[in-house]
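The values are calculated or read from the model by the stated rules, or taken from the named source; none is laboratory data. Since we're looking at a predicted model, the values are computed, not measured. Neighbour counts run over all protein chains shown; Cβ positions are idealised from the backbone, glycine included. Surface areas here come from the heavy atoms of the whole protein model, side chains and all, with no ligands, DNA or RNA. Shrake-Rupley method; radii C 1.70, N 1.55, O 1.52, S 1.80 Å.
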Amino acid sequence: MIELRTPAEIEQMRPAGRFVAEVLAETAAAAKVGVNLLELDRIAHDLIRRRGAESCYIDYHPSFGASPFGKVICTSVNDAVLHGLPHDYRLRDSDLLSLDFAASVDGWVADSAVSLVVGTARDEDVRLIDTTRRALTAGIAAAQPGGRVGDISAAIAAVAHAEGYSVNTQFGGHGVGRTMHGDPHIPNDGRAGRGFPLRPGLVVAIEPWFLETTDRIFTDPDGWTLRSADGSRGAHSEHTVAITEDGPLVLSAP
């Protein structure tokens, strides 16, 4: 079911967006060479406790997950691009790390993701990350009242294809509100003018993610982490966005 939020409810969602942005900023700042992924999860967990927020991940068990996620932040490294389950791994120089975090504050959810290079950056990784960020900006700009979900999808794909990246549509953006994942699904490729209408009050997570040389993925033996089929690296950028009468409003902006 697709729900539309009132302007007052969208205002009530702002604290969740700010909190998610703060957690991503703190965990990204802590992501240095030698830092364990489990330490990043602990930092996020401590921030949730201090804020009195609720994790959207720790008990999350959708049909595609092997078991409840059990951690509070996704940490995807190098050829992992989505749903990276934190584990005993110390970050190395030149690792490409994607952090994806969602939490509920006062009953409202926000969801956001960033990618970064730990230590020395490879040009290919900088280009890949930059492409996801520009695709996110394009997708947000296309999220206009009176438009369609396909407008967002087409805008994201145009940026990816211009850089030579192929696009996987199995996982993409989604509705956000009282829960983390809802309708409509927002694939990262599609046709403008098609799909669900973008009406004021619709709140969605827009999340382009691309792999360097493939659009095929597989699930890691941990039952969660999604990796590229050919071992190439991936990057992921995401914001929670409300459609308003005045245009898109980014709720998870730093």
- Query: Scanning for something at pLDDT 95 or above, among the β-branched types (Val, Ile, Thr), on the phi < 0 side of the Ramachandran plot and open to solvent by 10 Å² or more (accessible area, probe 1.4 Å), does the range 100-114 turn up at least one residue?
  - Reply: yes
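Scan the range 83-93 for residues that are more than 19 Å from the chain's Cα centre (by Cα) and open to solvent by 20 Å² or more (accessible area, probe 1.4 Å) and jot them down.
Of everything in the range 83-93, those that are more than 19 Å from the chain's Cα centre (by Cα) and open to solvent by 20 Å² or more (accessible area, probe 1.4 Å) turn out to be HIS87, ASP88, TYR89, ARG90, ARG92, ASP93.
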- Listed by first then second residue, the pairs whose first member lies in the range 186-205 and is in a loop (DSSP other than H, G, I, E, B), whose partner is among the polar types (S, T, N, Q) and open to solvent by less than 10 Å² (accessible area, probe 1.4 Å), with beta carbons under 7 Å and at least 6 positions apart or on separate chains, are PRO187/SER153; ASN188/SER153; ASP189/SER153; GLY190/SER153
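Could you tell me whether the range 227-235 includes any residue that is basic (Lys, Arg), open to solvent by 20 Å² or more (accessible area, probe 1.4 Å), part of a loop (DSSP other than H, G, I, E, B) and out of contact with any Pro (no Cβ under 8 Å at 6 or more places or on another chain)? Walk me through it before giving the result.
Filtering the range 227-235 down to residues basic (Lys, Arg) leaves 227, 233.
Okay, now just the ones that are also open to solvent by 20 Å² or more (accessible area, probe 1.4 Å), so 227, 233.
This time we only want the ones that are part of a loop (DSSP other than H, G, I, E, B), so: 233.
If we keep only those that are out of contact with any Pro (no Cβ under 8 Å at 6 or more places or on another chain) as well, we get 233.
Scanning the range 227-235 turns up at least one residue that is basic (Lys, Arg), open to solvent by 20 Å² or more (accessible area, probe 1.4 Å), part of a loop (DSSP other than H, G, I, E, B) and out of contact with any Pro (no Cβ under 8 Å at 6 or more places or on another chain).
For the range 159-167, indicate whether the set of residues that are closer than 19 Å to ILE2 by Cα and open to solvent by 70 Å² or more (accessible area, probe 1.4 Å) is non-empty. Reasoning before the result, please.
Keep residues of the range 159-167 that are closer than 19 Å to ILE2 by Cα, which gives none.
No.
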- Give the residue that is most open to solvent (accessible area, probe 1.4 Å), with candidates limited to residues of the range 238-254 that are touching a residue at least 40 places away in the same chain (Cβ under 8 Å) and out of contact with any helix residue (DSSP H, G or I) (no Cβ under 8 Å at 6 or more places or on another chain). GLU245
- Message: Please verify whether SER55 is of a type in the set (Ser, Thr, Tyr), open to solvent by 20 Å² or more (accessible area, probe 1.4 Å) and closer than 22 Å to GLU207 by Cα, treating the condition exactly as stated.
- Response: yes
